[in-house]
Amino acid sequence: MNTPVITRFAPSPTGAMHLGNARTALFNWLLARAAGGRFVLRLEDTDQERSTPELAEALLDDLRWLGLEWDAGPRAEDEHGPYAQSERGGVYAGYYEKLEEAGKAYPCYCTSEELEAVRRAQRARGEPPRYPGRCRNLTAEDRARLEGEGRKATLRFRVESGEIAFDDLVRGRQTFHGEEIGDFIIRRSDGTPSFFFVNAVDDALMGVSRVLRGEDHLTNTPRQLLILEELGLPAPTYGHINLMVGDDGAPLSKRNGSRSVAELREAGYFPEAVSNYLARLGHHMEEGDLLALDDLAAQFNAGGLSRSPAKFDVEQLDHWNKEAVHHAEPERLWPWVAPALETAVPEEVRQAWVAAVQPNLERPADAEQWARACFGAVENSADAVAEIAGADPALWQGAETALEEHGTDFAAALESIKQSTGLKGKKLFKPLRAALTGRTAGPELGPLLPLMGVERALARIRAAKNGG
Ligand SMILES: Nc1ncnc2c1ncn2[C@@H]1O[C@H](COP(=O)(O)OP(=O)(O)OP(=O)(O)O)[C@@H](O)[C@H]1O
């Protein structure tokens with residue numbers, strides 16, 4: 001029987017979502033969409049010191065901005081919810097009981113200081129740190145005595161020796177050994193559940209069948225498989241993707257304040273630039289054009305994900321942003337550039353103006369020089385000054401007459417200049433552009449001329465005629 005493909009993203013709202021998190025969320029979304037499945041969002045907000053409702057809200061905003069809407073999760077609750085772990089306290093008690101009754105979990109009274117001393121000794125002997133099993137076989141009397149000392153117990157899962165193997169969607173067959181893992185904590189002494197436990201149980205209860213997550217979780221997987229098997233709950237198929245690293249080679253992390261999705265949004269990146277960049281990072285795609293999310297999904301192949309670390313490359317991101325800006329509907333561009341403008345753009349021509357300058361925009365701030373060229377005072381760039389100075393003087397007379405005669409009909413004005421001066425090609429266009437816009441390269445002059453208006457254009461041509 002084919003299980004439905006239900007993927008999930010399960011972040012902790014303990015900091016701003018960074019690009020590594022976003023890539024993991026995106027891949028889960030793509031995997032679900034590619035298979036006609038469902039994408040679930042679960043907030044792992046049990047870290048009471050670091051999780052806040054504001055960070056959770058910001059995380060939802062970031063996902064929505066990226067277009068990664070969830071089929072079930074916070075604000076989209078269904079019968080498998082609630083989807084915030086902080087609201088699921090009552091869900092887990094029965095599962096702990098079941099494990100204890102089966103003898104698969106036991107209370108452990110070791111203090112963190114005692115455990116640290118054991119780990120130190122193990123390291124000194126060159127052994128990997130592992131729980132030594134001190135509370136594994138306590139009698140009822142032992143437990144009563146330790147509780148009498150005021151010790152609070154954690155609950156440990158009993159790991160037997162033997163092989164634990166699974167097929168990873170990205171990394172192929174993975175094999176671990178019980179004796180390397182040791183008994184691990186599934187409930188802390190303050191009663192809160194450990195990551196291994198809630199993460200595994202919640203996936204099962206929420207019907208999650210595929211999990212793509214960072215390879216930082218690879219060694220958690222055998223533990224989670226043991227828990228699920230013991231509880232008789234279905235295990236998802238896991239895929240551990242490479243971590244995204246920064247220039248220093250260290251994985252992006254909320255803890256070190258890595259480049260956040262919110263920062264990119266504020267800096268003027270488009271969501272489709274971020275998704276197109278991330279979808280191709282360590283994941284080969286045939287299609288080199290900017291794709292909508294559904295088209296990215298159609299090309300997604302979890303088996304084609306690279307295992308080597310994925311380095312953040314701002315140039316690649318900028319490339320995709322340029323693509324996104326150039327493909328964007330002009331209605332989206334005005335709100336994007338407006339905050340960066342100092343020069344006022346008349347309301348009735350905003351759409352036309354932004355469409356005219358669109359091919360020359362990469363960032364919102366790039367728009368200001370073209371707003372000035374059309375509606376404000378232009379300061380000529382150094383190469384524009386040189387271009388104007390080197391032009392055939394006949395050009396200015398020809399241009400003045402042409403504008404007086406044809407107004408803002410650029411094609412007609414151009415024809416008239418060609419006729420009257422005999423100039424063409426670079427000798428005509430470059431100085432003309434330099435005089436009109438103050439730059440030697442830029443948007444097509446045809447659509448710009450009606451926007452700047454004939455009076456402004458004439459004034460600039462006359463200024464050029466008079467020596468710039
Ligand atoms: N640098 C990274 N590259 C790719 N995926 C990552 C990276 N860091 C975290 N993830 C993945 O993002 C998902 C959400 O993880 P989580 O919310 O714990 O983020 P985190 O950045 O690891 O947080 P923290 O820094 O607090 O540990 C997990 O699947 C995790 O594996």
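The values are calculated or read from the model by the stated rules, or taken from the named source; none is laboratory data. The structure displayed is predicted, hence computed values, not measured ones. Every residue, glycine among them, receives a Cβ derived from its backbone with ideal geometry; neighbour counts consider all protein chains shown. Surface accessibility is based on the protein's heavy atoms, side chains included, excluding ligands, DNA and RNA. Shrake-Rupley method; radii C 1.70, N 1.55, O 1.52, S 1.80 Å.
The GluC sites (Glu not before Pro) of the range 244-292 meeting both criteria, a DSSP state outside H, G, I, E and B (loop) and at most 16 other C-beta atoms within 10 angstrom of the site's C-beta, are Glu286, Glu287.
Taking a ≥ b ≥ c as the square roots of the eigenvalues of the Cα gyration tensor, the range 382-465 is rounded, since a/c falls below 1.5. Annotated for the chain: lysine pairs at least 8 residues apart or interchain, Cα distance under 28 Å, count 15.
Taken per residue, the accessible surface of the chain reaches 47 Å², heavy atoms only and a 1.4 Å probe. Here's how it looks for Gly214: its modeled amide H is under 5 Å from those of Ile241, which are all 5 or more places away or on a different chain. Near the amide H of Lys311, within less than 5 Å, lie the amide hydrogens of Val245, all on another chain or at least 5 residues away, with H placed in the peptide plane. Specify the inter-centroid distance of the range 234-298 and the range 411-463, based on alpha-carbon positions, in whole Å. Centre-to-centre distance over Cα atoms comes out at 44 Å. Give the shape of the chain as rounded, prolate or oblate, defined through the alpha-carbon gyration tensor: a ≥ b ≥ c are the square roots of its eigenvalues, a/c under 1.5 means rounded, and otherwise the shape is prolate if a/b is larger than b/c and oblate if not. Verdict is prolate for the chain. DSSP loop trypsin sites (Lys or Arg not before Pro) in the range 42-117 with at most 12 other Cβ atoms within 10 Å of their Cβ, which ones? Taking the range 42-117 and a limit of 12 other Cβ atoms within 10 Å, the loop trypsin sites (Lys or Arg not before Pro) found are Arg75. Local charge for Ser86 was computed over the other residues whose Cβ lies under 13 Å away, with Lys and Arg +1 and Asp and Glu -1, and equals -3.
Taking Cβ separations below 4.7 Å as the criterion for a possible disulfide partner, the isolated cysteines in the chain are Cys110, Cys374.
Taking amide H atoms as placed 1.01 Å from N in the peptide plane, the amide H of Cys108 lies under 5 Å from those of Thr154, Leu155, Arg156, each 5 or more residues away in sequence or on another chain. The loop-placed GluC sites (Glu not before Pro) in the range 104-186, going by DSSP, that have at most 11 neighbouring Cβ atoms within 10 Å of their Cβ come out as Glu149, Glu160. Share of carbon and sulfur in the accessible area of the chain stands at 48%, probe radius 1.4 Å.
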